[in-house]
Amino acid sequence: QVQLVESGGGLVQAGGSLRLSCLVSGRTVGRYTMGWFRQAPGKEREFVAVKGWSGTTSYADSVKGRFTISRDNILNLVYLQMNSLKAEDTAVYYCVASRGSATKGRDDYDYWGQGTQVTVSS
C-alpha cells in the first residue's frame, strides 16, 4: 500500500514562491508515476504536473514555465516548485501516484494524499 503525505503549503503573496513536498511510503517512488492535482473552491479537481517513472514530464498550460516537478528516488520524495504564483493558483494541492504512464486524467491515479492548502494573496 502506497501512502502519500504532502507538506509545504501556506500563504504567499502573488509573485512569490513555494515548494510542496510529497513523502511516499510503502513502495519505492522510482517505480511509480508521480503527479500533482489541485482543487480550488467551487471547481473540479484539475491536473497540474506529472513525472512518469520513465522520466516523462508534463504540465498544465496554466502552470507551464512557472512550476517544476521533480523527484528524489533515494529519499522517496516528490516536489512541486511553484514560482511566480498567482491568485488563481490558490487551491488544495494533492500528490498522486500511479503504476501506469504519465497521464492527465484523475481516474488514472490509484493513490492520493490528503492535500495541502496553498493560498496566494493578490
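The table below lists the values:
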{"quantity": "Coordinate range along principal axes, alpha carbons of the chain, Å, largest first", "calculated": "39, 26, 24"}
{"quantity": "For region 1-66 versus region 69-122, the gap between their alpha-carbon centres in whole angstrom", "calculated": "1"}
{"quantity": "Fraction in percent of alpha-carbon pairs per bin - 10 Å, region 51-114", "calculated": "17, 54, 28, 1"}
{"quantity": "Cross-link partners of K51 among lysines (Cα-Cα below 20 Å; sequence separation of 8 or more within a chain)", "calculated": "K64, K104"}
{"quantity": "Antiparallel DSSP beta bridges within region 1-119, as percent of all bridges there, nearest 5", "calculated": "95"}
{"quantity": "Range of Cα positions in region 19-82 per principal axis (Å), largest first", "calculated": "35, 22, 19"}
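No lab work stands behind these numbers, since they all come straight from the coordinates. Small disclaimer: the values here were computed from a predicted structure and weren't measured.
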